[in-house]
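*Asks:* Pasting in a structure now, in structure tokens, and then I'll have a few things to ask.
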Amino acid sequence: MTANDILTDRQQAATYHSAFLKACRREPVPHTPVWFMRQAGRSLPEYRKVREGIPMLESCMRPELVTEITLQPVRRHDVDAAIFFSDIVVPLKAIGIDLDIRPGVGPVVEQPVRTRADLARLRDLTPEDVPYVTEAIGLLTRELGATPLIGFAGAPFTLASYLVEGGPSRTYENAKAMMYGDPELWADLLDRLAEITAAFLKVQIEAGASAVQLFDSWAGALAPADYRTSVMPASAKVFDAVAGYGVPRIHFGVGTGELLKLMGEAGADVVGVDWRVPLDEARRRVGPGKALQGNLDPTVLFTDRDTVEAKAREVLDAAAGIGGHVFNLGHGVLPNTDPDALTHLVEYVHTATAR
């Protein structure tokens, strides 16, 4: 065994015993761990500087840039976990889907997936399709030391909504029309996306990610019965595919208060909760055996420090007795958020929950 191997083993042991991973496993923690969705992003001036003139998808394919952006909030805020900088459509781009992320719009697909013949364009994803992901995570884990790295991917429903609609939507009329009108095609589409998503997460875990989060950003548009029959099987397939790695699996969606129990049943170890449902109520809905993540309203960070602390205290009080709580916002950091407000919030939660 080389000195580097010993160092790696020590690092892995330190990461395993980090506050974040302990909370995910519902073990006692020295303090409530904190990280923020979209913590590496437009709220940071250093992010805007390094991203200047570089399109979003291209920035996700430059390992050194991905490493720098992922590390920025860890350095600035002292968060308990890093989230891998990427985008949910990266695996789709990697397998050849003609799409782009347009500023002010979001992902736009040149040829939407509307027919069975279109499924042929969704080929398998292999590690060779995303070498920049493996390289970036290798760089990151060396830099992060004992700080865990969270890998992530978009859930099959959210990816399907972009593919079928051709871009962002408020009504999901085409996606839902397929779900209701051609359930066999819909099921095959989500199953295909589940395989692609699972492969993307496997690449991240095998490269060194200590946990993974599945973002079902738009699942809140679904009724519970539709989620259970038409979406949950695909999400469950993703979670089952990575279960053998033993890393915590987090599931998060926006406006999913009515789906929390089902999202946990899909296979998550940690259920993310947005700001609409208090954590004590979320615990009742999810049921026993799951850690919870959340859930301060991101807009609270635009108020004064006393208000931020008071609202954070409400979240911590609601989480009391859960037996596994990761403090986060109820959605991503908003672009105009003052970075100092985030730094102070991390410090407050750490201090207020020190054991």
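*Asks:* Would you mind telling me which numbered condition in (1) assigned to a loop (DSSP other than H, G, I, E, B); (2) surrounded by fewer than 22 Cβ atoms within 10 Å (Cβ to Cβ); (3) of a type in the set (A, V, I, L, M) V333 fails?
*Replies:* (2)
*Asks:* With respect to I54, determine if the residue is free of Cβ contacts under 8 Å to residues at least 12 places away in the same chain, touching a helix residue (DSSP H, G or I) at 6+ places or on another chain (Cβ under 8 Å) and not hydroxyl-bearing (S, T, Y). Give the derivation first.
*Replies:* Values: free of Cβ contacts under 8 Å to residues at least 12 places away in the same chain: yes; touching a helix residue (DSSP H, G or I) at 6+ places or on another chain (Cβ under 8 Å): yes; not hydroxyl-bearing (S, T, Y): yes.
Criteria met by I54.
*Asks:* On to the next question. Hey, does the range 138-155 have a residue that's in contact (Cβ under 8 Å) with a residue 24 or more places away in the chain, farther than 23 Å from S59 by Cα, touching a helix residue (DSSP H, G or I) at 6+ places or on another chain (Cβ under 9 Å) and not polar (S, T, N, Q)?
*Replies:* The answer is yes; a qualifying residue exists.
*Asks:* Pairs please, first residue from the range 206-234 and farther than 11 Å from G151 by Cα and of a type in the set (A, V, I, L, M), second anywhere and assigned to a helix (DSSP H, G or I) and open to solvent by 30 Å² or more (accessible area, probe 1.4 Å), Cβ atoms under 7 Å, 6+ apart in sequence or on different chains.
*Replies:* A234/D191
*Asks:* Report, by residue number, each residue of the range 249-282 that is of a type in the set (F, W, Y) and surrounded by fewer than 22 Cβ atoms within 10 Å (Cβ to Cβ). Before you say what the answer is, go through the steps one by one.
*Replies:* Residues of the range 249-282 that are of a type in the set (F, W, Y), as a first pass: 252, 275.
W275 - this is the single residue of the range 249-282 that is of a type in the set (F, W, Y) and surrounded by fewer than 22 Cβ atoms within 10 Å (Cβ to Cβ).
*Asks:* Suppose the filter is in contact with a strand residue (DSSP E or B) (Cβ under 6 Å, 6 or more places away or on another chain), closer than 22 Å to K290 by Cα and open to solvent by less than 10 Å² (accessible area, probe 1.4 Å); does F215 pass it?
*Replies:* When the stated conditions are applied, F215 does not pass them.
*Asks:* What about V90, is it touching a residue at least 24 places away in the same chain (Cβ under 8 Å), hydrophobic (A, V, I, L, M, F, W, C) and touching a Lys or Arg at 6+ places or on another chain (Cβ under 7 Å)? So that I can check it myself, show each step before the final result.
*Replies:* Working: touching a residue at least 24 places away in the same chain (Cβ under 8 Å): yes; hydrophobic (A, V, I, L, M, F, W, C): yes; touching a Lys or Arg at 6+ places or on another chain (Cβ under 7 Å): no.
No.
*Asks:* When you go through Y132, Y180, Y162 one by one, which is the residue that is out of contact with any Phe, Trp or Tyr (no Cβ under 7 Å at 6 or more places or on another chain), part of a helix (DSSP H, G or I) and either among the basic types (K, R) or surrounded by 21 or more Cβ atoms within 10 Å (Cβ to Cβ) (or both)?
*Replies:* Checking each option against the conditions leaves just Y162.
*Asks:* Additional query: Confirm whether R228 is surrounded by fewer than 22 Cβ atoms within 10 Å (Cβ to Cβ), touching a helix residue (DSSP H, G or I) at 6+ places or on another chain (Cβ under 8 Å), of a type outside the set (V, I, T) and closer than 20 Å to L334 by Cβ. Talk me through it step by step, then tell me what you get.
*Replies:* Values: surrounded by fewer than 22 Cβ atoms within 10 Å (Cβ to Cβ): yes; touching a helix residue (DSSP H, G or I) at 6+ places or on another chain (Cβ under 8 Å): yes; of a type outside the set (V, I, T): yes; closer than 20 Å to L334 by Cβ: no.
For R228, the condition - surrounded by fewer than 22 Cβ atoms within 10 Å (Cβ to Cβ), touching a helix residue (DSSP H, G or I) at 6+ places or on another chain (Cβ under 8 Å), of a type outside the set (V, I, T) and closer than 20 Å to L334 by Cβ - is not met.
The values are calculated or read from the model by the stated rules, or taken from the named source; none is laboratory data. The structure presented is a predicted model; accordingly, all values stated were derived computationally and were not measured. Here Cβ is always computed from backbone atoms with ideal geometry, including for glycine, and neighbour counts include all displayed protein chains. The area values use the complete protein model at the heavy-atom level, side chains included, leaving out ligands, DNA and RNA. Shrake-Rupley method; radii C 1.70, N 1.55, O 1.52, S 1.80 Å.
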